[in-house]
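Report on the structure given below.
Nothing in this text is a laboratory measurement; each read-out follows from the coordinates by a stated rule. Given the structure is predicted, the values throughout are model-derived calculations rather than measurements. A quick note on method: Cβ atoms are made from the backbone with ideal geometry, for glycine too, and the neighbour counts reach across all protein chains shown.
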2 protein chains.
Amino acid sequence: MTSPAGLSPRELQTYFALVESAALLHHTVEQHLRADGDLSDVQFQVLARLVDEGGRATMTDLADGVVYSRSGLTHQAGLLEKAGLITRTRHPEDQRATLVEVTEAGRARVDQVMPGHLEVVRRMLFDQLSADDLDALADVLPRVRDHMRSLPPRSVTSRKEGRRERAS
Amino acid sequence: MTSPAGLSPRELQTYFALVESAALLHHTVEQHLRADGDLSDVQFQVLARLVDEGGRATMTDLADGVVYSRSGLTHQAGLLEKAGLITRTRHPEDQRATLVEVTEAGRARVDQVMPGHLEVVRRMLFDQLSADDLDALADVLPRVRDHMRSLPPRSVTSRKEGRRERAS
DNA sequence: TATTGTTATACTCTATAACTATA
DNA sequence: TATAGTTATAGAGTATAACAATA
């Protein structure tokens, strides 16, 4: 009961450590982003991803990368647009799609938040890791991430299921 | 702008991998717990922690370990109690405190959910790690967790601040 | 007919502040 | 006076389903 079969105690320990570390880090980061840049977690991710991808993307691109529902992203994008940090326009090549672009204010906001953000991450995560520790994590975690990404078709399910039946 | 000063590209990569891994794992786990045992993330953590600590704890114990506000925990504990998975009684040694105890149904629920829970974790996290990978993570992550836990006095701030002034 | 995105809605989680009671 | 916990309430995030427009 205390150490249920299924995972070794070592695996269980590691799992708990991962979950707790991530939760603590996530929580602190959220606080910082809110206090320092008035951004939610997701809003920051959207802006950062936009900047990282050259400034523009479609809603679907963003939803796949950041959130797990389109409506959730629509909501967040609405807030970002109202704050003047992004614009949304019709995509020239596919009239159905929405072209999302970071504004100058959006870039400025990212630049404003990023240093403090990275400092939090360094203080909580990297400052007490040895070079070997970092090597280990840098080696393992990206593989873990890629593996996890490869598994589930998540987030799109709802639409496909819902379409199934449309009675009169 | 794409790789801001403050963290090395390697560190940044590792950080993103950690955040994404944790988010993907967390999201999948939440879905499973809800579908398989009608439990929220926090509710499961409360139950698991209670079981792990011999069946009983105070609200403050639980709040410190799981959530970041007492009222949040009160809410979750209320749901768990209504579902018959825990009981709340006066603590015999300190009449202010609440003694939270897992019921048989609570233990049963944990036992019901745990196998599937661990299977999700194994499939997403451990199945594609080598023994060396596991060694590395098992070595590093608990230290990371302990370090993070040692940093912030979080979650208790609200009360102390709020108490400061009580005018009129 | 399938896809993109928005809307409307409802639900859950979380936190702040005010309050009771015990220490 | 300080602590444990609850309550009331309000706010933010998320998701489901129904919908309009385009491919």
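Observations on the structure shown:
- Share of alpha-carbon pairs per 5 Å distance bin for chain A, given as whole %: 1, 7, 12, 15, 17, 15, 13, 9, 6, 3, 1, 0, 0
- Environment charge at A:His26 (Cβ cut-off 11 Å; Lys +1, Arg +1, Asp -1, Glu -1): -3
- Over the protein assembly as shown, volume per residue of the alpha carbon convex hull, in Å³: 204 Å³
- Average beta carbon contacts from partner chains per residue of B:46-55, 10 Å cutoff: 1
- Acute angle (nearest 10 degrees) that the helix B:70-82 long axis makes with the longest principal axis of chain B, alpha-carbon atoms: 70 degrees
- For the range B:78-129, the equivalent ellipsoid derived from the Cα gyration tensor has semi-axes of 33, 13, 8 Å, listed largest first.
- Taking the helices alone, chain A has a mean residue ellipticity at 222 nm of -20500 deg cm²/dmol, built from -39,500 (n - 2.57) per DSSP H run of at least 4 residues and averaged over all its residues.
- Close amide-amide hydrogen proximity is noted between A:Ala97 and A:His91, each under 5 Å apart and 5 or more residues distant or on a separate chain (H modeled in the peptide plane; Pro and chain starts excluded).
- Pair B:Ser130, A:Ala131: separation of 7 Å Cα→Cβ label points (nm): 2.2 nm
- Between the Cα long axis of helix B:41-52 and the first principal axis of chain B there is an angle of about 70°, rounded to the nearest 10.
- Estimated FRET transfer efficiency when R0 is 45 angstrom, pair B:Ser8-A:Lys82 (beta carbons, to 0.05): 0.80
- For chain A, the longest principal axis of the C-alpha atoms and the axis of helix A:9-37 are separated by about 40°.
- Distances between placed amide hydrogens fall under 5 Å for B:Thr58 paired with B:Val100, all partners being 5 or more residues away or on another chain.
- Per-bin percent of Cα-Cα distances, the range B:11-102 [5 Å]: 3, 13, 20, 21, 16, 10, 7, 5, 3, 1, 0
- Contact order for chain B, expressed relative to its length and based on alpha carbon pairs under 8 Å spaced 6+ residues apart, stands at 21 percent.
- Annotation note: trypsin sites (Lys or Arg not before Pro) in the range B:1-99 located in DSSP loop regions with a Cβ neighbour count of at most 16 within 10 Å are B:Arg96.
- Working note: Karplus 6.51/-1.76/1.60 with θ = phi - 60° gives the range A:95-101 the couplings 5, 6, 7, 10, 9, 9, 9 Hz, where Gly and Pro are set to x.
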